[in-house]
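Enquirer: Pasting a structure here, questions to come.
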Amino acid sequence: MRLDRPDRTALRPAPAAEWAAAQVAGVRDSPAQRIALLDRTYRGPWGRAPRHLPYRRAALSFMRWQLGRGVLNPPAARPPGSPWWRAVNDRLLRDGCEAVARAGGMTGKPSSPAVRLWDGFVAAPTARNWYRAHNASIVSAYLAHRDLAAREPLPERFFLNVVLLRVLYAHALVAAPRLALGRLAPLGRLLGDPRLGMTGFYLSLGRVLPDRYPPRAEVRAYLAHEHRLGRLLDYGVIQPRLQSLYEWSARELTQPELCELVRDGNPVYAWAYADRHVWAPPAGPLPRALAWLTASRPVSARCPPAGCRPPSAR
C-alpha cells in the first residue's frame, strides 16, 4: 500500500498505528527512503494536500542534515548510524504516518498524545499546530530514549541538547514571541514560520554540529569552530531564557517531564549538571547586547512540581 495513493477500500479496516509502524519498518534501513516517506506524509492520504505541503520544508531540512551526517545509516553500514538518532527519527515518521492514515479513514485510537496533535495539524495546518505536533514527537522520543542517549559519545550528547533547545526555541518564535524575542517579538512569527527559509537555520544545525557521525573531537574544539551567528543565537538569545523556554514548552506540549531536561537554566539531557560550564555565554558586548535587546518577560506559571523535579542522577 502506498502512502500517497492508497486504496480507499483497503485503507478503512486497518488500524492506523499498525499500518504506520509497518511503513516505518519498511524504510528503517534506507536513509533515502526515510526522507521519501517523510515527504509523502505531507502530501496527505490521497497525494494532494496543498495546504500542508509547504510545512515539509523545515522537516526535510532537519532530516537532510541527519542523512548528511550519517546518523540514520543502518547498523550494518560502515560507519553505522546512531541508535538514538534512528529511534528518534522512527518516532517522528511513525506519528506522521499514523496521522495521515487516520485522515484517510483508518481506525483505532491515537497511539500517543503526539498523534492527536498531528491530527490537529492535519485539520488546521498552521505554523503553531505544526510545531506542536513536530516537537511533541521529538520531545516524546527524547524522553523515551534516554538510555540510548546515555550511550552516545560525550560530544554527541552535548549536541543532542543543542538540537533540543533549538527546536523548542523555533516553536516559541511562533507561539510565544515575547518569550523568544522580547522587544523584537513582532518579528517572531516571520522568523519562525516553518514554511520559510529562516527556520532551516534553526533546524538544519549544519553550522554548529560536526559534519559526520560519530564526532571525533572534544566539545571545546567544536565550540571554537561554531559559526559566529549560531553561537550568538545559542548564547546571546536562547541561553538567558532557557529555563523559561523549557517550562513554557512543557506546558505547550503537555509534557511536564520535559522540565527534567533542564536545571537552573542548563540543559541536562544525558549531560551532567556538574559540567554546566559549557553552557556559559562567552564574554563580550555583543552577547550582552543581544540578551538585553531580546530580554523576555518572566513567565506567569512554572511547570507542575512533578514535572520540575530534578533527575535522580546527574
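Values quoted throughout were computed directly from the atomic coordinates according to the rules given, and no laboratory measurement underlies them. Since we're looking at a predicted model, the values are computed, not measured. Cβ: placed from backbone, ideal geometry, glycine included. Neighbour counts: every protein chain shown.
Enquirer: Based on alpha-carbon centroids, what's the gap between the range 34-53 and the range 84-112 in Å, whole number please?
Expert: Result: 13 Å between the Cα centres.
Enquirer: Same structure, new question: Listing H277, H145, H134 from the residue with the fewest other Cβ atoms within 10 Å to the one with the most, what is the order?
Expert: Numbers: H277 7, H145 21, H134 26.
Sorted ascending by nearby Cβ count, the order is H277, H145, H134.
Enquirer: While we're on this one: How much FRET efficiency would the formula 1/(1 + (r/R0)^6) give for A272 and R216, where r is the Cβ-Cβ distance and R0 is 25 Å, rounded to 0.05?
Expert: Rounded to the nearest 0.05, the efficiency is 0.75.
Enquirer: In whole Å and largest first, what semi-axes does the C-alpha gyration tensor of the range 1-151 yield when each eigenvalue is scaled by 5 and square-rooted?
Expert: Listed largest to smallest, the semi-axes of the range 1-151 are 24, 17, 15 Å.
Enquirer: For the range 72-198, what is Rg from Cα atoms divided by 2.2 N^0.38 Å, rounded to two decimals?
Expert: Taking N as the residue count of the range 72-198, the ratio is 1.18.
Enquirer: If I stretch the segment between R183 and T107 completely, what's the gain in nm (0.36 nm per residue apart, minus their alpha carbon distance), one decimal?
Expert: 22.7 nm
Enquirer: Let me ask something else. For the range 238-301 and the range 159-173, what is the separation of their C-alpha centers, rounded to whole Å?
Expert: The two parts, judged by their Cα centres, are 10 Å apart.
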